[in-house]
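Please read the structure below before turning to the comments.
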Amino acid sequence: MANQAHLGILKKGVTHWNSWRMEEGDILPDLRKADLHGLNLSNYDLSLCRMEGAVLSKAKLKRTDLRAADLKDADLSDCLLEGAYLIETRLTRTDLRRAYLKQ
């Protein structure tokens, strides 16, 4: 299950989240099984996040940093991933149906 404190920070917006990530660089956010359906997470730093089983269907992840994030078993169907950074991202059994993956 997702760490509720991390989820609360995420929902405060991109500026708050990215600042927190810079200040707390040693923390690996835990967003496992979080319901992030339809959220605009564009430009978020989600690198190294634990997001196994998260629901991100119809989410906007434009230019989102997902480097080395664990998205195993996550739902990214109908997701906008335009310009997202997916280097070393774990996508085992991730649902990417109808996801938009343009560079």
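The residues of region 15-27 that are loosely packed, with under 14 Cβ neighbours inside 10 Å and among the hydrophobic types (A, V, I, L, M, F, W, C), listed by number, are 22, 27. Taking region 43-54 as the range and being open to solvent by less than 70 Å² (accessible area, probe 1.4 Å), in a loop (DSSP other than H, G, I, E, B) and over 21 Å from residue 98 (Cα atoms) as the test, the residues that pass are 44, 46, 47, 49. Within region 88-99, restricting attention to residues that are exposed (fewer than 14 other Cβ atoms within 10 Å of the Cβ) and more than 16 Å from residue 33 (Cα to Cα), the residue that is nearest to the chain's Cα centre (by Cα) is 88. One residue alone among 8, 25 is of a type in the set (Gly, Ala, Ser) and not in a loop (DSSP other than H, G, I, E, B), and that residue is 8. Taking the conditions (1) more than 14 Å from residue 11 (Cα to Cα); (2) under 10 Å from the mean Cα position of the chain (by Cα) in turn, residue 57 satisfies each one other than (2). Considering region 69-87, and only residues there that are farther than 19 Å from residue 33 by Cβ and small (Gly, Ala, Ser), the residue that is surrounded by the fewest Cβ atoms within 10 Å (Cβ to Cβ) turns out to be 83. For beta carbons closer than 7 Å, sequence separation of 6+ or different chains, a first residue in region 92-103 that is under 16 Å from residue 65 (Cα atoms) and a second that is open to solvent by less than 60 Å² (accessible area, probe 1.4 Å), the qualifying pairs are 100/80; 100/81; 100/82; 101/81; 102/82; 103/83. Can you tell me which residue is most open to solvent (accessible area, probe 1.4 Å) among those in region 55-68 that are part of a loop (DSSP other than H, G, I, E, B) and among the aliphatic types (A, V, I, L, M)? Going through the qualifying residues, I end up with 68. Selection over region 31-42 of residues that are closer than 20 Å to residue 85 by Cβ and crowded, with 18+ Cβ neighbours inside 10 Å gives a count of 4.
The values are calculated or read from the model by the stated rules, or taken from the named source; none is laboratory data. Small disclaimer: the values here were computed from a predicted structure and weren't measured. Backbone-built Cβ (ideal geometry, glycine too); neighbour counts: all protein chains shown. Heavy atoms of the whole protein, side chains included, go into the accessibility calculation; ligands, DNA and RNA do not. Shrake-Rupley method; radii C 1.70, N 1.55, O 1.52, S 1.80 Å.
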